[in-house]
Amino acid sequence: MYQAARGTTDILPEEQPYWRHVEKAISDITGLYGYKRIDTPVFENTSLFQRSAGEYTDIVQKEMYTFDDRGGNSLTLKPEGTPPVCRAYIQHGMHNLPQPVRLCYLSPIFRYDRPQAGRYRQHYQFGCEAIGDEDPAIDAEIIDIAWRFNNLLGLTNLSLQLNSIGCPECRPAYLKVLKDYYKKYTGKLCADCKMRLEKNPLRLLDCKQASCQQIAQNAPRSIDGLCAACADHFKQLQKYLGLMEIPFSINHRLVRGLDYYTRTVFEIQPEDEGGQSTIGGGGRFDGLIEELGGKPTPAAGFAAGIERIILNLKKQGVSIPTQPPLQVFIVHLGEEARNEAIKLASVLHGAGISAATATGSKSLKAQLRQANTLGAKYAAIIGGDEVKAKTVTLRNMTDGQQETIGAGELAGKLTV
RNA sequence: GUGAGUGUAGCCUAGCGGUCUAAGGCACCAGGUUGUGGCCCUGGAGAUCGAGGGUUCAAAUCCCUCCACUCACCCCA
């Protein structure tokens, strides 16, 4: 028997109310902040992602779904949302628009990871990017959206972690200080951290090994190594967050896994502990547009994982609006009645009333049972008597009351 | 990529060498009402017991291999 490919999942009808709830929140929040939707292709040229994420990130090294098309071009299923949006910004000359350009997306994301709770090989991310402005008010706006989005969804007990990891001006000096500190502990580091010390020293800070955490505890802090411009930017950001009354805590060990981040980085997590806990994160990426061939252009953004949000909506027991029920299920007895039922359904659909018609020629009991199982509000019964009198018997499935009305009156009756 | 756990009908579970021609619950279908659902009662359909191989007179049950799923690590959303 075939089953969905590893790490992928069907979003079944009973799951859909959660997705609609999330989609509604996305549409509301982006409208509220003036972010315009953009949909980029599901695959891009491989080099776009190689250049943007960073050569030594896990995404590029082992998580990309890369393939050659028949023309021999290397393509990759998008492993993150930001680079394609930046590519589109450049390609369509959006630097000619008033800056910043505010864009948002809801897109499938593909990463070849070992699946586990809250982690899929195909998952969905909702993201916002504000491109073309370095004002810390933009960072604050992005964080504000991410935060309010979760409120809109009904999630509570979330924490917002914030940090600044500097810019190309000040980071090299900080990295040197950091490396010097870690070199004193080389013998005590885990194998991964020994690698990180060489390839990606920032990542040393968020190692989860207990022994490495102790070392990270007293490591030099990135915010102590910021240049004047970055320090001021971070200070302003915190002030704005304060004005908006968004609670945050500074996490000196928050660095994020992608190389393109500059200055601001942040993550949103549920308070309770859990493996794959982060439900959203982002930051500033002032160098990315230029790296991808555009003019030097500052930008900031965030992305949130929909599956993890839904996981938390369920965990927190957030009540979700349900689908409107089927208005009427049309029941018929006999060949002529069946013809009338089909005509009637057509009229109802034309009038914008949801209706389904029984199939086959089952007993009245069986048809009503089906109406009940489907959750129909009414059953419209057409039997021999009704055919003769050109009426239908309308049964309210909640209280069992029923009345006989003219066939032509049904649509009007159900509209009210 | 690493480690641990689990695979019995659509779902949940019992059985853990012979009484298994695999049991029960939910869901599904039908009947109990000649034209009336939900509750109840009765009945029905639905499983090569994840796959392949081995041990044995005998395997859902023991062994091996593979596959899948789950959880965790790495990393991320």
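The values are calculated or read from the model by the stated rules, or taken from the named source; none is laboratory data. These numbers come from a predicted model, not from an experiment. With ideal geometry, Cβ positions are generated from the backbone for all residues, glycine too; neighbour counts draw on all protein chains shown.
Things to note:
- Among the candidates A:Thr398, A:Thr373, A:Thr322, the residue that is touching a residue at least 60 places away in the same chain (Cβ under 8 Å) and within 25 Å of A:Arg20 (Cβ to Cβ) is uniquely A:Thr322.
- The stretch A:135-162: number of residues that are over 18 Å from the mean Cα position of the chain (by Cα), modelled with pLDDT of 95 or more and either within 10 Å of RNA strand B (Cβ to nearest atom) or surrounded by fewer than 18 Cβ atoms within 10 Å (Cβ to Cβ) (or both): 2
- Against the conditions (1) more than 21 Å from A:Tyr260 (Cα to Cα); (2) within 14 Å of RNA strand B (Cβ to nearest atom), A:Tyr105 satisfies every one except (1).
- Test set (1) out of contact with any Leu (no Cβ under 9 Å at 6 or more places or on another chain); (2) more than 14 Å from RNA strand B (Cβ to nearest atom) - A:Pro247 fails condition number: (1)
- Applying the criterion of at least 3 residues that are of a type outside the set (S, T, N, Q) to the strands (runs of 3 or more DSSP E) found wholly in the stretch A:15-133 leaves A:65-68, A:101-110, A:122-131.
- Yes/no for A:Asp68 being more than 11 Å from RNA strand B (Cβ to nearest atom) and either modelled with pLDDT under 95 or among the β-branched types (Val, Ile, Thr) (or both): yes
- Set side by side, the residues A:Leu368, A:Leu344 differ, and just one is under 12 Å from A:Leu414 (Cβ atoms), part of a helix (DSSP H, G or I) and over 37 Å from the mean Cα position of the chain (by Cα), which is A:Leu344.
- Count - residues of the stretch A:318-344 that are among the small types (Gly, Ala, Ser), closer than 19 Å to A:Leu394 by Cα and out of contact with any His (no Cβ under 9 Å at 6 or more places or on another chain): 2
- Any chance A:Val331 is more than 26 Å from A:Phe149 (Cβ to Cβ), outside any helix (DSSP H, G or I), in contact (Cβ under 8 Å) with a residue 40 or more places away in the chain and not small (Gly, Ala, Ser): yes
- Any hit, the stretch A:220-240, residues being within 16 Å of RNA strand B (Cβ to nearest atom), in contact (Cβ under 8 Å) with a residue 24 or more places away in the chain and over 14 Å from A:Thr262 (Cα atoms): no
- Restricting attention to the stretch A:175-191, the residues that are part of a helix (DSSP H, G or I), surrounded by 13 or more Cβ atoms within 10 Å (Cβ to Cβ) and among the hydrophobic types (A, V, I, L, M, F, W, C) total 3.
- Residue match in the stretch A:287-304 (condition: among the basic types (Lys, Arg), in a loop (DSSP other than H, G, I, E, B) and outside the structural domain of A:Thr398 (by TED's automatic domain parsing)): yes
- Taking the conditions (1) in a loop (DSSP other than H, G, I, E, B); (2) within 30 Å of A:Leu106 (Cβ to Cβ); (3) modelled with pLDDT of 95 or more in turn, A:Ile353 satisfies each one other than (2).
- Residues of the stretch A:289-348 that turn out to be within 28 Å of A:Ala407 (Cβ to Cβ) and either of a type in the set (Val, Ile, Thr) or in contact with a strand residue (DSSP E or B) (Cβ under 8 Å, 6 or more places away or on another chain) (or both), as a count: 17
Conditions (1) closer than 30 Å to A:Thr297 by Cα; (2) crowded, with 17+ Cβ neighbours inside 10 Å, marked per residue:
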{"position": "A:Glu198", "(1), (2)": "yes, no"}
{"position": "A:Gln213", "(1), (2)": "no, no"}
{"position": "A:Cys227", "(1), (2)": "yes, no"}
{"position": "A:Leu243", "(1), (2)": "yes, no"}
{"position": "A:Phe248", "(1), (2)": "yes, yes"}
{"position": "A:Glu271", "(1), (2)": "no, no"}
{"position": "A:Gly280", "(1), (2)": "yes, yes"}
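- Condition check for A:Leu344: of a type outside the set (Phe, Trp, Tyr), over 29 Å from A:Glu15 (Cα atoms) and without any contact (Cβ under 8 Å) to a residue 60 or more places away in the chain: no
- Considering the conditions (1) at pLDDT below 95; (2) closer than 30 Å to A:Ala376 by Cβ; (3) within 9 Å of RNA strand B (Cβ to nearest atom), A:Val331 is excluded by exactly one of them, (1).
- Residues that are surrounded by fewer than 16 Cβ atoms within 10 Å (Cβ to Cβ) and under 24 Å from A:Thr322 (Cα atoms), drawn from the stretch A:396-416: A:Asn396, A:Thr398, A:Asp399, A:Gly400, A:Thr415, A:Val416
- Hits in the stretch A:148-174 (condition: assigned to a helix (DSSP H, G or I) and either touching a residue at least 12 places away in the same chain (Cβ under 8 Å) or in contact with a Ser or Thr (Cβ under 8 Å, 6 or more places away or on another chain) (or both)): A:Arg148, A:Phe149, A:Asn150, A:Leu152, A:Leu153, A:Arg171, A:Ala173, A:Tyr174
- Any hit, the stretch A:373-395, residues being within 8 Å of RNA strand B (Cβ to nearest atom), among the polar types (S, T, N, Q) and surrounded by fewer than 19 Cβ atoms within 10 Å (Cβ to Cβ): yes
- The single condition from (1) closer than 23 Å to A:Gly132 by Cα; (2) within 12 Å of RNA strand B (Cβ to nearest atom); (3) surrounded by fewer than 19 Cβ atoms within 10 Å (Cβ to Cβ) that A:Arg253 fails is (1).
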